[in-house]
Each structure stands twice: as structure tokens, then as C-alpha cells.
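Each remark here refers to the structure printed beneath this line.
The values are calculated or read from the model by the stated rules, or taken from the named source; none is laboratory data. Here the structure is a predicted model, which is why all the values come from computation and not from measurement. We place every Cβ from the backbone using ideal geometry, glycine too, and count neighbours over all the protein chains shown. Surface areas here come from the heavy atoms of the whole protein model, side chains and all, with no ligands, DNA or RNA. Shrake-Rupley method; radii C 1.70, N 1.55, O 1.52, S 1.80 Å.
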Amino acid sequence: MSRAELVETFKTFPDRFARHARAATTRASVAGEWGPSEIGRHLIAVEREVWWTRFASILEEDEPHWHWMEPGLEPSLDRATLDEVLARHAEVRAHSVAILGSFDEAAWAHTGTHDTYGVLDVVGLLRIVTDHDAEHLASLTERDPWASSI
């Protein structure tokens with residue numbers, strides 16, 4: 001996938017996630033599994049705690065080093081409706097897209113090292129983000145997570 005395609009996939013994920021999350025509310029949830037709202041809250045926490053931090057560090061530090069992080073649920077949304085969670089997810093992703101939009105060619109070439117994934121540039125980070133998105137989208141449906149419609 002080209003950088004432009006990767007950015008577009010990253011940018012448009014909240015709409016795909018929202019469609020599948022709303023559809024998933026009509027199915028019985030599996031005991032012990034996160035439902036659509038919890039997955040959305042997790043994605044928000046990951047965006048803020050992992051991706052915003054890594055995008056900043058890749059610009060501000062020489063060869064940053066990242067450890068595995070797996071945030072739980074965004075705590076500020078304990079009582080939020082699914083629509084409120086989805087709106088917040090779209091907002092935080094739009095902020096991430098704006099961050100990427102501010103990168104010049106030199107910024108895209110910066111690298112850091114992840115304990116698990118090794119040396120990554122910004123495209124490498126985006127591949128991890130989109131894989132993480134796809135995993136959570138797939139948990140809502142048995143369809144292709146990148147399908148354009150439900």
C-alpha cells in the first residue's frame with residue numbers, strides 16, 4: 001500500500017468503524033468481550049497515549065525508542081453513549097490526520113525503534129496503526145474489515 005493509500009485508510013477508518021459498531025449493537029455480545037463502545041474507547045486511548053506520543057517523539061527526538069503499550073479504555077467516557085464515543089473517536093483521529101498533514105518529506109523519513117517491531121519510519125508506524133484498527137474492526141464483524149459498506 002502506498003503512503004497516500006495508507007494515509008487515506010487511516011483517515012477514513014472512523015467512518016468504517018462507526019458503521020460496523022452501530023451494526024454490531026444489534027447482535028448479542030460475547031461474555032467477556034468488549035462491545036462497540038468499549039472498543040471505541042480503547043481506540044481513543046490508543047490514539048492519544050500511543051500514536052500522538054510517537055508522532056511527536058519521531059520529530060522531536062533523535063532515534064526515539066518505544067516500548068509496547070496497550071492502553072485500556074478512555075476513562076473520560078465511562079457514561080458516554082455509543083454515538084458520543086464514535087464522535088470522539090472521529091475527533092481524535094482527525095487530530096492525528098492533521099499531525100501527519102504537518103509533516104514534510106524529512107519528517108516522513110525520521111525513524112525510531114520499537115522493542116517489538118524494530119526500526120520504523122512514519123509509514124511503518126501507520127502500518128501498525130491500520131493493522132490495529134483492522135483487528136478491532138474485525139472483532140465487530142466476520143466480514144472483510146476494509147469493506148466499504150456493511
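Residue farthest toward the positive end of the dipole of the chain, with Cβ of Lys/Arg at +1 and Asp/Glu at -1: which of His20, Gly118, Ser96?
His20
Where does the chain land at 222 nm, in deg cm²/dmol rounded to the nearest 500, when only DSSP H runs of n ≥ 4 count, each adding -39500 (n - 2.57), divided by all residues? Let's see the in-between values first.
Working: 6 runs with 84 residues, N = 150.
About -18000 deg cm²/dmol.
Per residue, how much accessible surface does the chain expose to a 1.4 Å probe? Answer in Å², no decimals. If you can, show how the numbers build up before the last one.
Numbers: 8020 Å² over 150 residues.
Accessible area per residue, the chain: 53 Å².
log10 I(q)/I(0), Debye, Cα-only the range 57-132, no solvent, q = 0.12, 0.20, 0.23, 0.24 Å⁻¹?
The computed values of log10 I(q)/I(0) come out as -0.44, -1.00, -1.14, -1.18.
If the only charges are +1 at each Lys and Arg Cβ and -1 at each Asp and Glu Cβ, what is the size of the charge dipole of the chain around the Cα centre, to the nearest 20 debye?
Details: 14 positive and 26 negative charges, 138 e Å.
Computed charge dipole of the chain: roughly 660 debye.
Go through 61-72, 108-119 and give me the packing order, highest mean Cβ count within 10 Å leading. Can you show the working numbers first?
On the way: 61-72: 11.7, 108-119: 13.3.
The most tightly packed comes first, giving 108-119, 61-72.
Would you mind classifying the range 15-101 by shape? Square roots of the alpha carbon gyration tensor eigenvalues, ordered a ≥ b ≥ c; an a/c under 1.5 is rounded, otherwise it is prolate if a/b is larger than b/c and oblate if not. Don't skip to the end; give the middle numbers.
Values: a/c = 2.68, a/b = 1.89, b/c = 1.42.
Cα axes put the range 15-101 in the prolate bin.
Taking all protein chains in place and a 1.4 Å probe, what share, in percent, of the accessible surface of the range 1-146 do carbon and sulfur account for? Don't skip to the answer; put the middle values down first.
Details: 3990 of 7740 Å².
The C+S portion of the solvent-accessible surface of the range 1-146 is 51 percent.
What number, in percent, do you get for the relative contact order of the chain if the mean sequence gap of Cα pairs under 8 Å and at least 6 apart is divided by its residue count?
Details: 149 pairs, mean separation 52.2, N = 150.
The value is 35 percent.
What value does the chain have for Rg/Rh, both radii from Cα atoms and Rh as Kirkwood defines it?
On the way: Rg = 15.6 Å, Rh = 16.0 Å.
Result: Rg/Rh = 0.97.
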